[in-house]
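The values are calculated or read from the model by the stated rules, or taken from the named source; none is laboratory data. Note that the structure is predicted; figures quoted are calculated from it, not measured. Virtual Cβ from ideal backbone geometry, glycine too; neighbours counted across all protein chains shown. Each accessible area value is taken on the protein alone, full model and side chains, heavy atoms only, with ligands, DNA and RNA left out. Shrake-Rupley method; radii C 1.70, N 1.55, O 1.52, S 1.80 Å.
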Amino acid sequence: MTYSDKALIKEKVNSLLSKMTLNEKIGQLYQAPYFSDIVTGHSFDSSQTIKRIKGGMVGSILSVHDEDVIRKLQKTAVEESRLGIPLLFAFDVIHGYKTSFPINLALSNTWDETLVKKIAKAIAYETSHRGLHLTFSPMLDLVRDPRWGRVMESNGEDPYLSSILGKAYIEGYQQNDLSNSDSVAACAKHFIGYGHVEAGREYNTVDISKRVLYNMYLPQFKTAINANVSMIMTSFNTVFDVPATANKTLLKDILRDELKFKGVTISDYTSTEEIINHKIADDLKDVAKQCFNAGLDHEMVSESYIQHLNELVQEKTVSENDINESVKRMLSLKYELGLFDKPYAYLYENSNQYLLNESTVKLAREAAEKSIVMLKNDQILPISKDKKIVLCGPYVDSKDVIGEWAALCKKDDVTSIKEAFINSNYSNMNDETKDNVKNADIILMALGEPGSHAGEGNSKANIYLDKTQKEYFDSIRKINPNIVLIVFAGRPLIISHYHQYAKAILYAYQPGMETGNAIYNLVTGKVSPSAKLTMTLPYHEGQIPIYYNHYNTGRPYDEKRPKYRYNTRYIDCPNEPLYPFGYGLSYGNIKYLDFEIDKQIFKKYDKLSIKVTVENDNQYAVDEIVQCYIEAITYSVSRPVNELKSFKRVTFKPFEKKIIEFELSIEDFRAFNLNMEWTAEHRKYKVKVGPNSRDLISKKIEVVDEVS
Ligand code: NOJ
C-alpha cells in the first residue's frame, strides 16, 4: 500500500498523533547523531541514541550509512519503541553516493537541467539502495565570494540558473513519488543568505537588504517549494540580525505564509544551540523556546527540544498545538516515504550490486565532459594523435579530484589523466625530462588545490595556486611555452598569471571519478568542450565579491576611458574579471548573426518571441549555451545591469546555422520594487542575447501594463 493520497496520509497521521504522549511527539522533532565522530557541538554517546530510540525520543538519524547499523537502529525503533514509529535516515549525498559526479559548481557549468535530473535520479538510486531516505541536497545558496569554501556545493551566482538546476535535483531525487523505493526525499538548504557571509569567511555575519534577499536568494527556494521539496534546512548565519534558525520572519512569515511551504524545516548541525553564541539566547531552554516558536520543526543534533520542550509546554510558553503541527509534518513525510509499511524497504542483500552501474558511470563521464570549461585556446587544442606530448604537474596523476562532500565516493575509483592516456594507448607520450619538455609539441600540465581546501569550514584568504606550482609552471614555460593547463579546484582561483602564459586553459574544478577519461576526450577532440562558467573568475582577489548581476552605480566604469579617475574601478587592477559569468569556449566557431524580437510594446498577457541566428562556422560538432538576459533601463530601485532569464543548450553540426527561439513573459521582467511589490513596472527594458554575460547584443522594449 502506498500513501500518495494526501487525505489518507492525513487520516493516518492524525490517528497516530492521538496515541502519542507529549514526549513521543517531541521525540519526532529530534535528529540524533549515532557515530561519535562529532566535529562541532557537544560529544555524545551512541548507546544514548539507542536508549532514546527505545523511548520513542528520536525522529530521524543523521549520517549513518552503514547498512547493518541502519537495520539495527530501525529494528530498535520499530520493534522496541512503544508505538514502533520508523526512523528516517538522512545523509549528505551531494554530488554522488558511490559513483562520483563533478562537484555541484562544476555540474552547474553544464547548464543542462536534463542531465542534472538524470544525475540526481542516479544518485537517489544508489543512496536509496543503501538504506537511506533523505539527502541534504540541493544546496541553493547564491555565491559571490570564491574565498568561501562552500561555493563548490552551489549552482553559482545566478538565481535563475540555480532555480532551474535546483528543481532538476529535486525532481531527480524525489521522482514525484517518495514511496518509490528508488527515490529519496530532498532537503533544500541553507535557508537563507549563507552564501553572503562577509569576506567569504565561514559562518560569518550576513548583512543583507530585504530586497536583495527577495530578488536574489528567495527565487531558488520558491522554485524548490513549487517542486515539492520535502525539507528545508536553516542556515548558520543571521538574517536581519537574527540567526536563521530562530528567525520567525524567515521561518513563519516568509517560508510558511508567503511561500506556502508545507514540508519539514530542520536546523543545521547544532545551529540551534549556537544562537547562544550569536548572543540572542541565555541557555538551552531559551534556545528551544526561541527556535521552536520561530517555526523550526526538527532539531539536528542539539538537544534543546528533547530536553526542554515538554517543560516549556507545561509553562505555556510553547503550545502543544504547534508541536502537533510540526510532528504532523514529520510523520507525513515518513508516510509518504512508505516507511510505516516497509521500514526496511531500502535495505537490500548484496547492495554493492546497485552501486557504480555501467550506465551511472557513463553519466558521470558525460557530466565531467560537459562541466569542464575551456577558458582559452590559442589554436593548440584539440591535440592530434601525432603530437608529442609531455604530461606533467602534480595533478596529472592525482586522484584528489573528487572534492568535498563525497559521501562514499573513493579516490580508488578515479581514473587520473595519466591513466586515461595510458589506457587509450596514446603512443606519443613522453616522460618529463628536460629534453622531452623542450622537444614536445604540447605540455599538458595539471595544477590545482587539494580537495580538502574547499567545502564546509574551508574558507581561504589566499586563492592562488601555491608558490611551488607557480614556480614549476614558470620553469616549464621558459623551456617550452606550448602549455595546455588544466586547473583542478573547489572554487574559482586567481589564475591571471597562467592566463597570460598558457596557450590553453581547461578549468576543471573537481570532475569526479571520470576525470581522466573526460579530459582525454576533451583534449583529443573526441568531444568538444561546451561548459560555461556559472561563477565569475576574478582577475585579482581584491575584486571580490565580483559577480555579473551587479548594479550600475552612479559612476559606472567606462571602458573607453579606463584611466578616468572618478568612477567605479581600481587604479591598480582591471575592472573586469578575468572571465565573466556564462563564459566558455568550444572547438566550434560560434557566431551570433541576427537577433529579432516580435514586439516593442509589451502588454500583460503577451509573450515576447525572441529569435537569434547562431552559426557554427567550422568543421567541429559542438554544443553552445545560448543565453538571454534582460536589463531594466530604469526602475523604482536599482536593478542589476543584466539578469539571466532564459538559456538553451543547442547542438550544432559542422557549419550549421540555426535560429534559436526564446519566449519571455511578463514574469521575466518582475522584481521587488521600491514598495516591495513583485512587479514589472511600466518602463523600458533591454532584452539581450549572447554567448556569455559580457558579449551581448540587445534590443529595447517597453512594458506598458504594470502588473503586481
Ligand atoms: C552542516 C552543513 O552545513 C550542512 O550542509 C549539512 O547538511 C549538515 N552539516 C549535516 O551534515
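Return the only residue of G200, G193, G172 being within 14 Å of the ligand (Cβ to nearest atom) and more than 17 Å from S332 (Cβ to Cβ). I'd like the intermediate steps shown before the answer.
Values: G200 fails: within 14 Å of the ligand (Cβ to nearest atom); G172 fails: within 14 Å of the ligand (Cβ to nearest atom).
From the options G200, G193, G172, the qualifying one is G193.
All conditions in (1) in contact (Cβ under 8 Å) with a residue 24 or more places away in the chain; (2) in contact with a Lys or Arg (Cβ under 9 Å, 6 or more places away or on another chain) hold for Q307, with the sole exception of (1).
Restricting the first member to the stretch 683-697 and to residues that are within 13 Å of V612 (Cβ to Cβ), and the second to residues that are among the polar types (S, T, N, Q) and buried (at least 21 other Cβ atoms within 10 Å of the Cβ), the beta-carbon pairs closer than 9 Å and six or more apart or on different chains are K688/Q627; K688/N642; V689/Q627; G690/Q627; P691/Q627; L696/Q627; L696/N642.
Do we have T245 as of a type in the set (S, T, N, Q), within 26 Å of the chain's Cα centre (by Cα) and either within 16 Å of the ligand (Cβ to nearest atom) or open to solvent by less than 10 Å² (accessible area, probe 1.4 Å) (or both) here? Can you show your working first?
Details: of a type in the set (S, T, N, Q): yes; within 26 Å of the chain's Cα centre (by Cα): yes; either within 16 Å of the ligand (Cβ to nearest atom) or open to solvent by less than 10 Å² (accessible area, probe 1.4 Å) (or both): yes.
It is true that T245 is of a type in the set (S, T, N, Q), within 26 Å of the chain's Cα centre (by Cα) and either within 16 Å of the ligand (Cβ to nearest atom) or open to solvent by less than 10 Å² (accessible area, probe 1.4 Å) (or both).
So which residues in the stretch 217-228 are assigned to a helix (DSSP H, G or I) and either without any contact (Cβ under 8 Å) to a residue 60 or more places away in the chain or open to solvent by 10 Å² or more (accessible area, probe 1.4 Å) (or both)? Once the filter is applied, which keeps residues that are assigned to a helix (DSSP H, G or I) and either without any contact (Cβ under 8 Å) to a residue 60 or more places away in the chain or open to solvent by 10 Å² or more (accessible area, probe 1.4 Å) (or both), the stretch 217-228 yields L218, P219, K222, T223, I225, N226.
Of the helices (runs of 4 or more DSSP H) contained entirely in the stretch 100-216, those carrying at least 3 residues that are in contact (Cβ under 8 Å) with a residue 12 or more places away in the chain and among the charged types (D, E, K, R) fall at 113-128.
Candidates E656, E681: the one that is open to solvent by less than 60 Å² (accessible area, probe 1.4 Å), more than 31 Å from the chain's Cα centre (by Cα), charged (D, E, K, R) and within 26 Å of E369 (Cα to Cα) is E656. Y501 meets all of the listed conditions (1) within 29 Å of L115 (Cα to Cα); (2) assigned by TED's automatic domain parsing to the domain that holds Q379 but one, namely (1).
Here F581 passes the criteria (1) at pLDDT 95 or above; (2) in contact with a strand residue (DSSP E or B) (Cβ under 7 Å, 6 or more places away or on another chain) except the one numbered (2).
Go through the residues of the stretch 465-473 one by one and say whether even a single one is open to solvent by 60 Å² or more (accessible area, probe 1.4 Å) and β-branched (V, I, T). Steps first, answer last, please.
Taking the stretch 465-473 as the starting set, the residues that turn out to be open to solvent by 60 Å² or more (accessible area, probe 1.4 Å) are 466-468, 470-471.
If we keep only those that are β-branched (V, I, T) too, we end up with 468.
Yes - at least one qualifying residue is present in the stretch 465-473.
If you go through the stretch 478-492 and pick out every residue that is in contact with a Phe, Trp or Tyr (Cβ under 9 Å, 6 or more places away or on another chain) and surrounded by fewer than 20 Cβ atoms within 10 Å (Cβ to Cβ), you end up with 1.
Restricting the first member to the stretch 61-86 and to residues that are among the charged types (D, E, K, R), and the second to residues that are within 16 Å of the ligand (Cβ to nearest atom) and not in a helix (DSSP H, G or I), the beta-carbon pairs closer than 9 Å and six or more apart or on different chains are D66/F35. Just one of the numbered conditions (1) more than 15 Å from S693 (Cβ to Cβ); (2) out of contact with any helix residue (DSSP H, G or I) (no Cβ under 8 Å at 6 or more places or on another chain); (3) part of a loop (DSSP other than H, G, I, E, B) is not true of G542: (3).
Just one residue in the set D141, D145 is within 16 Å of the ligand (Cβ to nearest atom) and buried (at least 24 other Cβ atoms within 10 Å of the Cβ); that residue is D141.
Does V301 fit the bill of being in contact with a Leu (Cβ under 7 Å, 6 or more places away or on another chain), outside the structural domain of Y520 (by TED's automatic domain parsing) and at positive phi? Working first, answer last.
Values: in contact with a Leu (Cβ under 7 Å, 6 or more places away or on another chain): yes; outside the structural domain of Y520 (by TED's automatic domain parsing): yes; at positive phi: yes.
Against the criterion (in contact with a Leu (Cβ under 7 Å, 6 or more places away or on another chain), outside the structural domain of Y520 (by TED's automatic domain parsing) and at positive phi), V301 qualifies.
Among the residues of this structure, K260 does not count as one that is on the phi > 0 side of the Ramachandran plot, in the same structural domain as S15 (by TED's automatic domain parsing), without any contact (Cβ under 8 Å) to a residue 12 or more places away in the chain and away from the ligand (no atom under 16 Å from the Cβ). Scanning the stretch 618-651 for residues that are aromatic (F, W, Y) and part of a loop (DSSP other than H, G, I, E, B), which turns out surrounded by the most Cβ atoms within 10 Å (Cβ to Cβ)? Out of the qualifying residues, it is Y635. You will find that of E404, E369, the residue that is under 21 Å from Y620 (Cβ atoms) and outside the structural domain of V93 (by TED's automatic domain parsing) is E369 and no other.
Just one of I50, I94 is open to solvent by less than 40 Å² (accessible area, probe 1.4 Å) and either within 27 Å of G149 (Cβ to Cβ) or not aliphatic (A, V, I, L, M) (or both); which is it?
Among I50, I94, only I94 is open to solvent by less than 40 Å² (accessible area, probe 1.4 Å) and either within 27 Å of G149 (Cβ to Cβ) or not aliphatic (A, V, I, L, M) (or both).
Those residues that are within 13 Å of K658 (Cβ to Cβ), of a type in the set (K, R) and either in a loop (DSSP other than H, G, I, E, B) or touching a Gly at 6+ places or on another chain (Cβ under 8 Å) (or both), I need them from the stretch 592-615; list them, please. Spell out the reasoning first.
We begin by selecting, within the stretch 592-615, every residue within 13 Å of K658 (Cβ to Cβ); these are 592-594, 611-615.
Those still in the list that are of a type in the set (K, R) too: 611.
Result: no residue meets the conditions.
The set of residues from the stretch 424-462 being surrounded by fewer than 16 Cβ atoms within 10 Å (Cβ to Cβ) and of a type in the set (K, R) comprises K434, K438. When the stretch 372-401 is filtered for residues that are farther than 19 Å from Y509 by Cα and either in the same structural domain as W111 (by TED's automatic domain parsing) or polar (S, T, N, Q) (or both), the ones remaining, listed by number, are Q379, S384.
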